[in-house]
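The values are calculated or read from the model by the stated rules, or taken from the named source; none is laboratory data. Since the structure is predicted, the reported quantities are computational estimates derived from the model, not experimental observations. Cβ placement follows ideal geometry from the backbone for every residue including glycine, while neighbour counts extend to all protein chains displayed.
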Amino acid sequence: MKHRRGALLIKKILAPLLYRHRPVGLGPARQYFYLDWLYKTLNVPGAVVEIGCNVGGTAALAHKMLRQLGSSKRYVCVDTFSGFVEEQFETDLELGNHPRRRRSFSANSLSLTRRVLSLHDAADVELIPADILELDPASLPETISACLIDVDLYQPVLTALAKTYPRLAPGGVLLVDDCQEETDWQARKAYGAFMEELGLESRIEFGMGVVTAP
Ligand SMILES: C[S@@+](CC[C@H](N)C(=O)[O-])C[C@H]1O[C@@H](n2cnc3c(N)ncnc32)[C@H](O)[C@@H]1O
């Protein structure tokens with residue numbers, strides 16, 4: 001806890017230096033894939049949602065692209081802004097995750113993320129601080145054109161899918177990060193379970209699970 005607070009303080013003080021480039025969490029191929037889907041869904045009605053945004057690097061980049069393309073869509077992020085929820089991580093350990101991942105993303109806060117977004121002219125990205133398992137779905141945009149689900153663990157991924165799918169506009173897409181085969185993360189299992197439950201065919205591209213609206 002003390003370590004987390006210290007790390008957070010340093011990040012806040014050094015933010016203009018540390019975050020002078022957008023801290024995008026997606027690798028190049030997945031950045032391409034996500035941004036391409038944002039382009040393909042540009043004329044689909046609804047907001048863009050990112051569940052699991054960390055310090056907002058991908059949000060700042062995607063928001064910039066939307067504005068450059070003349071879109072005024074809302075960009076809404078949900079995150080705990082303090083990393084994983086302890087019990088959810090414990091469940092993931094039982095499924096095969098590794099203990100070294102426990103504190104990942106914990107040295108964060110709502111205000112740090114706002115600061116990073118402001119540094120990159122993306123202050124109108126909307127932030128919802130919440131555990132996705134506890135979030136009232138009514139707090140999410142009523143219609144979603146595209147959603148990046150990047151919460152890593154089994155339970156939050158499954159819940160994020162269940163809460164966003166009913167809001168997906170026709171022609172819209174949900175993308176689940178970390179669905180590659182070789183990984184500690186359990187996102188792929190959650191994606192598989194969701195698709196099976198709905199009787200949909202799994203489609204994993206660039207290591208991302210894809211769900212399209214009918
Ligand atoms: C891999 S990071 C997101 C990276 C970000 N999408 C990017 O591309 O820069 C995973 C994020 O999921 C968040 N997270 C994990 N469990 C969550 C939960 N139950 N509810 C909300 N956010 C959660 C963590 O706090 C962390 O910021």
| Residues of the stretch 161-185 classified as within 13 Å of the ligand (Cβ to nearest atom), under 20 Å from LEU35 (Cβ atoms) and either in contact with a Cys (Cβ under 9 Å, 6 or more places away or on another chain) or among the aliphatic types (A, V, I, L, M) (or both), total | 3
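Out of the stretch 20-32, which residues are assigned to a helix (DSSP H, G or I) and surrounded by fewer than 19 Cβ atoms within 10 Å (Cβ to Cβ)?
PRO28, ALA29, GLN31, TYR32
Of the residues that make up the stretch 204-211, is at least one in a loop (DSSP other than H, G, I, E, B), away from the ligand (no atom under 15 Å from the Cβ) and surrounded by fewer than 22 Cβ atoms within 10 Å (Cβ to Cβ)?
No, because not a single residue in the stretch 204-211 is in a loop (DSSP other than H, G, I, E, B), away from the ligand (no atom under 15 Å from the Cβ) and surrounded by fewer than 22 Cβ atoms within 10 Å (Cβ to Cβ).
Would you be able to say whether some residue in the stretch 108-121 is farther than 24 Å from HIS21 by Cα, in a loop (DSSP other than H, G, I, E, B) and of a type outside the set (Gly, Ala, Ser)? Working first, answer last.
First, the residues of the stretch 108-121 that are farther than 24 Å from HIS21 by Cα: none.
Within the stretch 108-121 (the criterion being farther than 24 Å from HIS21 by Cα, in a loop (DSSP other than H, G, I, E, B) and of a type outside the set (Gly, Ala, Ser)), the answer is no, since none of the residues qualifies.
A quick yes/no check of all residues on (1) under 23 Å from PRO137 (Cα atoms); (2) not basic (Lys, Arg):
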| site | (1), (2) |
| --- | --- |
| ALA7 | no, yes |
| ARG20 | no, no |
| VAL48 | yes, yes |
| CYS53 | yes, yes |
| GLY70 | no, yes |
| Which of the residues that make up the stretch 59-90 are within 11 Å of the ligand (Cβ to nearest atom) and part of a loop (DSSP other than H, G, I, E, B)? | THR80, PHE81, SER82, GLY83, PHE84, VAL85
| query | Considering the stretch 135-160 alone, what residues qualify as being farther than 22 Å from LEU35 by Cβ, buried (at least 16 other Cβ atoms within 10 Å of the Cβ) and either away from the ligand (no atom under 13 Å from the Cβ) or free of Cβ contacts under 8 Å to residues at least 60 places away in the same chain (or both)? | reply | LEU135, LEU158, THR159
| request: Only one of these is among the acidic types (Asp, Glu) and either in contact with a helix residue (DSSP H, G or I) (Cβ under 7 Å, 6 or more places away or on another chain) or more than 22 Å from PRO137 (Cα to Cα) (or both): GLU87, GLU94. Name it. | output: GLU94
| query | Pairs under 6 Å by beta carbon, first residue under 19 Å from PHE84 (Cα atoms) in the stretch 40-54, partner assigned to a loop (DSSP other than H, G, I, E, B) and of a type outside the set (Val, Ile, Thr), six or more apart or different chains? | reply | GLY52/ASP150; ASN54/GLY25; ASN54/PHE105
| request: Just name the residue that is nearest to the ligand (Cβ to nearest atom) out of those in the stretch 19-31 that are touching a residue at least 40 places away in the same chain (Cβ under 8 Å) and under 16 Å from CYS179 (Cβ atoms). | output: GLY25
| task | Please verify whether the stretch 5-22 includes one or more residues that are at pLDDT below 95 and under 17 Å from MET65 (Cα atoms). | result | yes
| Would you say VAL173 is in a strand (DSSP E or B) and either surrounded by fewer than 21 Cβ atoms within 10 Å (Cβ to Cβ) or of a type in the set (D, E, K, R) (or both)? | no
